[in-house]
Amino acid sequence: MLNPPSLGKCLQEARKRVRLSQTAVALRLGVKRQVISAYESSKRDVSAEELKTLCNLFRVFPDELLGFRHPPDSSLNATLNFRMNSDYQTLTDHDRHELVSIIRRAEQDEGGYYPQWVESFKKYSAVVKNPFGTVQQLTERLRKDFEQEEPPINIFLLIERMGILLTATALDKVAAVVCRADTNHKTPPWIVVNSSQPLYRQRFSVAHEVAHLLLHQEELVFHAHYFRRQSEQKEIDADSFAAELLIPRSLLMQSIKTLNAMKSTEESVFLLSNLYQVSFSAMAARLYNLDLITRTVFNTLGKVKPSTLEEASPKKPSKSPFIAKKILEPVLKQEFKTDPKLSHLNWESVRTLQEIAYTRYLGEKTKGGTSPTALYDLDPAGKVYEKVALWIADNYPMITASTPC
């Protein structure tokens, strides 16, 4: 029999595995988010009917719940612990499992990323190794090669074409993790970014990790970034690269010319940050570093709460929302060959479908990079993942009303 303490922890792990937020689960159950939190902390009992709904969402059967958490892979843990030094010890079990997942994906390299990366690294490392090469020249080359000539720069498309494997998934303690390519086993470099962050933070995190792959390839093995300001020089260099790539001076100057002169500095910076899909603070720092605002203005902007400016702007839904049925039905038919009457899609299948759906959604809506501004109108990765999980639960139920609990 499931005891409350074990059940709460297992429900939390199962929810995270299929990348559902507490809010999404609460909406499905018709309760407040705090109720889901109480279930997961074992402060409140779960009814049999609620348990069936939760298991259907999380793709596990009730009698499997207590066995949901997998024992750690000791050999893999030892390897990662060595590579990450003390950082690895601070990761949660959930975050470790997420890293194990992308390591296995990289080893399989079903998308053929490794050959792409070999060519890309050869081309762009030549700029880095040039004694007179600069970060600005490198980022300009990247944008030109991948036709990213207007904001916001499509960083997702750029790294896919470079041969870098990316997964956006919910993480507990890190903003992003990056690992270099393994030439011995021919596995591509990969980046995991925390999809719980707003899209603009994900974009900057990904660009930051690309910098490490290009600028610090020799010293980089397996590197995690936590939610704190970094003071090491290579971290400062990576932030500079990300700013140069996502907020190039030439484009920024053109954008500034189009701003309404009647708007305040705060509003102008807010509009620019939205246009380039970066944070308000990142845009303010970029303007200051380019000598486009004074130190006094920069300090003043540092006291502004972007949330107040955001509340004053009209809320607009995504212009190109993710439609689960449109993308998932062809995938299930062509690749999964799933009979609609079957219910064998487990949580691992859901995760695979989430990643396929998000990649295809981005590719379809950004039109191969010819319209990078389309990113501005899209649902973020976390929302897409939730729509996938909910659609599968609705259309491929594992548990029915007659299933004993």
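Run down Ala242, Ala224 and say which single residue is of a type outside the set (Phe, Trp, Tyr) and at pLDDT below 75.
Numbers: Ala242 fails: at pLDDT below 75.
One residue alone meets the criteria, Ala224.
For the stretch 5-35, give me each residue that is at pLDDT 90 or above and touching a Ser or Thr at 6+ places or on another chain (Cβ under 7 Å).
Listed by number, the residues that qualify are Gln22, Arg28, Leu29, Arg33.
Could you tell me whether any residue of the stretch 178-188 is crowded, with 24+ Cβ neighbours inside 10 Å, modelled with pLDDT under 90 and aliphatic (A, V, I, L, M)?
Yes; the residues of the stretch 178-188 include at least one that is crowded, with 24+ Cβ neighbours inside 10 Å, modelled with pLDDT under 90 and aliphatic (A, V, I, L, M).
Inside the stretch 252-291, can you point out the residues that are in a loop (DSSP other than H, G, I, E, B), more than 29 Å from the chain's Cα centre (by Cα) and not small (Gly, Ala, Ser)?
From the stretch 252-291, those in a loop (DSSP other than H, G, I, E, B) are 258-264, 277-279, 290-291; that's our starting set.
Those still in the list that are more than 29 Å from the chain's Cα centre (by Cα) too: 258-264, 291.
If the condition is that a residue be in a loop (DSSP other than H, G, I, E, B), more than 29 Å from the chain's Cα centre (by Cα) and not small (Gly, Ala, Ser), then Thr258, Leu259, Asn260, Met262, Lys263, Asp291 are the ones that fit.
Is it the case that some residue within the stretch 114-136 is at pLDDT 85 or above, in contact with an Asp or Glu (Cβ under 8 Å, 6 or more places away or on another chain) and within 26 Å of Lys365 (Cβ to Cβ)?
Scanning the stretch 114-136 turns up no residue that is at pLDDT 85 or above, in contact with an Asp or Glu (Cβ under 8 Å, 6 or more places away or on another chain) and within 26 Å of Lys365 (Cβ to Cβ).
Count, please, the residues in the stretch 167-209 that happen to be in a helix (DSSP H, G or I) and among the acidic types (Asp, Glu).
Filtering the stretch 167-209 for residues in a helix (DSSP H, G or I) gives 199-209.
With the extra rule that they be among the acidic types (Asp, Glu), the set shrinks to 209.
Looking only at that region, the number is 1.
The values are calculated or read from the model by the stated rules, or taken from the named source; none is laboratory data. Model, not experiment: these values are computed from the prediction. Cβ atoms come from the backbone with ideal geometry, glycine included; neighbour counts cover every protein chain shown.
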